[in-house]
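Let me begin by presenting the structure, written as structure tokens, before commenting on it.
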Amino acid sequence: MRAVITVVGKDTVGILAKVSNFCADNDVNVVDVSQTILQDMFCMIMLVDTEKMGIPFTDFSDKLKEYGESNSLKIHVMHEDIFNSMHRI
Amino acid sequence: MMNTGDILETIAMIEEEHLDIRTITMGISLLDCCDSDIKRSCEKIYDKITRKSENLVSTGEQIEKEYGIPIINKRISVTPIAMISACSGGNPVEYAKALEKAAQTVGVNFIGGYSALVQKGFAAGDEALIRSIPEALATTEHICSSVNIGSTKAGINMDAVSFMGQIVVEAAKATADKGCIGPAKLVVFCNAPEDNPFMAGAFHGAGEPDCVINVGVSGPGVVSNALKKIPDGNLTDVADVVKKTAFKITRVGQLVAREASRRLNVPFGIVDLSLAPTPAVGDSVAHILEEMGLAQCGCHGTTAALALLNDAVKKGGIMASSHVGGLSGAFIPVTEDAGMIDAARSGALNIERLEAMTAVCSVGLDMINIPGDTPAEVISAIIADEAAIGMINSKTTAVRVIPAIGKAVGDELDFGGLLGGGPVMDISMISPAKFISRGGRIPAPVQSLKN
């Protein structure tokens with residue numbers, strides 16, 4: 001399956017590196033990345049492939065969330081289908 | 001790559017605007033559990049429910065995590081117990097206990113279906129079941145009960161209406177020490193849907209398959225916030241925004257329903273595209289009406305605004321799901337809606353206005369605290385009025401009023417959780433006793449003769 005990782009928060013050095021390293025450590029392939037600054041907030045969206053992921057999806061998502069909380073970032077990991085079904089007919 | 005704006009919109013809906021899946025409800029038929037021995041019958045029911053719904057809660061939690069959408073309740077609805085009780089005889093409360101035990105084993109929030117369908121008259125099992133409702137609700141925590149006393153096709157069974165007035169009072173008295181929670185779990189219906197996933201009125205109709213997954217969505221906060229973006233739009237624009245928002249909400253419901261059905265290997269039934277409020281700030285149907293331009297919910301114009309909202313929700317939702325059912329529309333439960341609670345406290349919202357609103361909303365007089373000394377016949381008359389609106393307009397109507405024992409108009413009664421709390425509302429105490437005591441049936445209206 002493919003999931004969307006969103007990271008929103010104050011811009012600091014190394015956010016992209018840390019999140020993509022975490023993905024790599026768990027055999028999660030980054031398919032696409034986009035990042036923008038919205039009203040001084042850093043906003044990164046990653047599309048990832050979790051097919052070969054070494055740990056359960058929920059653990060992956062919990063760990064990323066934890067990392068986000070300890071760095072004042074809001075990180076969500078969600079199945080891409082929720083966005084597809086809501087915004088595409 | 002997906003559009004960044006779309007992704008952030010979805011996340012804002014969930015994080016800030018309380019978008020959630022209100023319930024995944026598994027409907028389970030108990031018709032194959034009937035036995036002439038009530039003990040054996042209860043055992044079969046417990047076994048079947050725990051077998052079928054073994055993974056319901058864990059699957060719900062898994063979907064919640066993967067898709068990032070909160071699923072608030074996991075529930076079960078069963079065949080109306082009066083049908084099962086008809087076969088075995090005995091004290092129907094035994095069934096309530098078996099259901100309660102099953103609910104605790106599988107960890108669901110509620111089981112609905114301690115019900116009887118008596119729109120045309122009482123069959124074997126019906127009367128005993130109805131009589132046992134107060135005790136069943138007082139001695140269990142997770143059981144919800146409903147009784148259908150009328151329909152467009154059958155008319156209104158006024159003997160049952162009279163009976164239910166007394167049962168509502170008894171249910172309140174039996175739970176007076178628990179904040180009168182009994183009647184909050186009891187709904188009296190006209191035109192009850194057989195696939196409703198929402199409590200307290202959920203039951204698994206006789207025409208339903210053996211096991212089925214129904215999903216109820218929510219999201220008043222999302223609609224309210226979408227309307228904030230068009231402060232000067234006309235009402236055609238308002239209807240368009242509601243439709244688009246309802247479409248998005250329902251698509252999420254459809255996705256969750258499809259996934260739950262696949263993972264549990266149980267057929268998908270329906271998505272109920274309702275706007276179900278909660279007492280949380282920012283999750284109120286009343287606030288949507290106020291966002292449309294009413295100074296406070298309950299003022300003149302409220303019925304028109306609600307009619308627009310209810311219709312637009314259906315129009316938006318219907319294309320988003322392959323099967324739509326249940327109640328589908330906007331709910332107006334007073335104690336569960338922060339805006340309604342405020343309006344009831346300030347006197348802007350009264351029971352007459354609520355009754356008018358029920359002619360255009362998806363259900364009826366819902367979660368209304370009334371004085372504890374309200375005579376049974378007055379409650380029966382409230383039920384009869386609501387049933388008449390439903391019968392004539394070919395829609396579902398319902399009454400869930402809570403006599404607040406020991407409390408008078410203006411006092412507060414709180415239930416906590418999703419059921420919320422609110423003031424005791426004023427109602428007319430002029431006696432309809434003679435009318436109610438006549439009994440009999442109000443004949444089915446001419447609208448029923450469609451063949």
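The values are calculated or read from the model by the stated rules, or taken from the named source; none is laboratory data. If you're wondering where the values come from, they're calculated on a predicted model, not measured in any experiment. All Cβ positions, glycine included, derive from the backbone under ideal geometry; neighbour counts span all protein chains shown.
Residues that are out of contact with any Ser or Thr (no Cβ under 8 Å at 6 or more places or on another chain) and in a strand (DSSP E or B) occur at least once in the stretch B:115-133. Note on chain A: enclosed helices (runs of 4 or more DSSP H) holding 3 or more residues that are farther than 29 Å from B:ILE21 by Cα are A:15-25.
If you check B:ASP20, B:ASP6 for being within 14 Å of chain A (Cβ to nearest Cβ) and touching a Pro at 6+ places or on another chain (Cβ under 7 Å), only one passes: B:ASP20.
The residues in the stretch A:44-57 that are touching an Asp or Glu at 6+ places or on another chain (Cβ under 8 Å) and either among the aliphatic types (A, V, I, L, M) or farther than 12 Å from A:ALA3 by Cα (or both) can be counted, and the count is 5. For the stretch B:249-272, a tally of residues being within 14 Å of chain A (Cβ to nearest Cβ) and either in contact (Cβ under 8 Å) with a residue 40 or more places away in the chain or not basic (Lys, Arg) (or both) returns 13.
In the stretch B:260-279 there is at least one residue that is in a loop (DSSP other than H, G, I, E, B), at pLDDT 95 or above, over 28 Å from B:GLY421 (Cβ atoms) and not β-branched (Val, Ile, Thr). Taken over the stretch A:13-22, residues that are surrounded by 14 or more Cβ atoms within 10 Å (Cβ to Cβ) and among the β-branched types (Val, Ile, Thr) amount to 2. Screening the candidates B:SER29, B:SER58 for the property of being within 21 Å of A:ASP81 (Cβ to Cβ), of a type in the set (S, T, N, Q) and at pLDDT 95 or above yields one hit, B:SER58. Here B:SER53, B:SER29, B:SER41, B:SER36 are screened, and the one residue that is away from every other protein chain (no Cβ under 11 Å) and in contact with a Pro (Cβ under 8 Å, 6 or more places away or on another chain) is B:SER29. Specify the residue that is nearest to A:MET1 (Cα to Cα); the eligible residues are those in the stretch A:23-43 that are at pLDDT below 90 and crowded, with 16+ Cβ neighbours inside 10 Å. Applying the filter and picking the extreme gives A:CYS43.
To keep it simple, each residue is scored yes or no on (1) assigned by TED's automatic domain parsing to the domain that holds B:GLY89; (2) of a type in the set (Val, Ile, Thr); (3) within 19 Å of B:GLY90 (Cβ to Cβ).
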position	(1), (2), (3)
B:GLY113	yes, no, yes
B:GLY121	yes, no, no
B:THR139	yes, yes, yes
B:ILE143	yes, yes, yes
B:VAL147	yes, yes, no
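Evaluated against (1) touching a residue at least 60 places away in the same chain (Cβ under 8 Å); (2) more than 10 Å from chain B (Cβ to nearest Cβ), A:ALA3 falls short on exactly one condition, (2). Restricting attention to the stretch B:1-42, the residues that are part of a helix (DSSP H, G or I), of a type in the set (Asp, Glu) and not assigned by TED's automatic domain parsing to the domain that holds B:ASN55 total 3. Which residue, of A:LYS52, A:LYS10, is surrounded by fewer than 16 Cβ atoms within 10 Å (Cβ to Cβ), touching a residue at least 60 places away in the same chain (Cβ under 8 Å) and over 11 Å from the mean Cα position of the chain (by Cα)? Result of the check over A:LYS52, A:LYS10: A:LYS10.
For B:LEU365, indicate whether it is under 18 Å from the mean Cα position of the chain (by Cα) and buried (at least 24 other Cβ atoms within 10 Å of the Cβ). Spelling it out, B:LEU365 is indeed under 18 Å from the mean Cα position of the chain (by Cα) and buried (at least 24 other Cβ atoms within 10 Å of the Cβ).
Does at least one position in the stretch B:278-287 carry a residue that is more than 30 Å from B:THR59 (Cα to Cα), in the same structural domain as B:VAL360 (by TED's automatic domain parsing) and in contact with a helix residue (DSSP H, G or I) (Cβ under 9 Å, 6 or more places away or on another chain)? Yes, the stretch B:278-287 contains at least one residue that is more than 30 Å from B:THR59 (Cα to Cα), in the same structural domain as B:VAL360 (by TED's automatic domain parsing) and in contact with a helix residue (DSSP H, G or I) (Cβ under 9 Å, 6 or more places away or on another chain). Here A:SER61 passes the criteria (1) more than 10 Å from chain B (Cβ to nearest Cβ); (2) of a type in the set (Ser, Thr, Tyr); (3) surrounded by 15 or more Cβ atoms within 10 Å (Cβ to Cβ) except the one numbered (1). Does B:LYS65 satisfy the criteria of being within 14 Å of chain A (Cβ to nearest Cβ), among the charged types (D, E, K, R), surrounded by fewer than 22 Cβ atoms within 10 Å (Cβ to Cβ) and out of contact with any His (no Cβ under 9 Å at 6 or more places or on another chain)? So B:LYS65 fits the description; yes.
Residue-level check: of (1) surrounded by fewer than 20 Cβ atoms within 10 Å (Cβ to Cβ); (2) on the phi > 0 side of the Ramachandran plot, B:GLY155 misses just (1).
Yes or no: B:SER77 surrounded by 19 or more Cβ atoms within 10 Å (Cβ to Cβ) and either in contact (Cβ under 8 Å) with a residue 60 or more places away in the chain or within 14 Å of chain A (Cβ to nearest Cβ) (or both)? When the stated conditions are applied, B:SER77 passes them.
Pairs meeting the criteria (first residue in the stretch B:421-445 and surrounded by fewer than 16 Cβ atoms within 10 Å (Cβ to Cβ), second residue not hydrophobic (A, V, I, L, M, F, W, C), beta carbons under 6 Å, at least 6 apart or on different chains) are B:ALA433/B:GLU377; B:GLY439/B:ASP159; B:PRO443/B:GLY155. Annotation note: Cβ proximity below 9 Å between a residue of the stretch A:76-89 that is more than 7 Å from chain B (Cβ to nearest Cβ) and free of Cβ contacts under 8 Å to residues at least 40 places away in the same chain and a residue that is in a helix (DSSP H, G or I) and aliphatic (A, V, I, L, M) (sequence gap 6+ or interchain) occurs for A:ASN84/B:LEU255.
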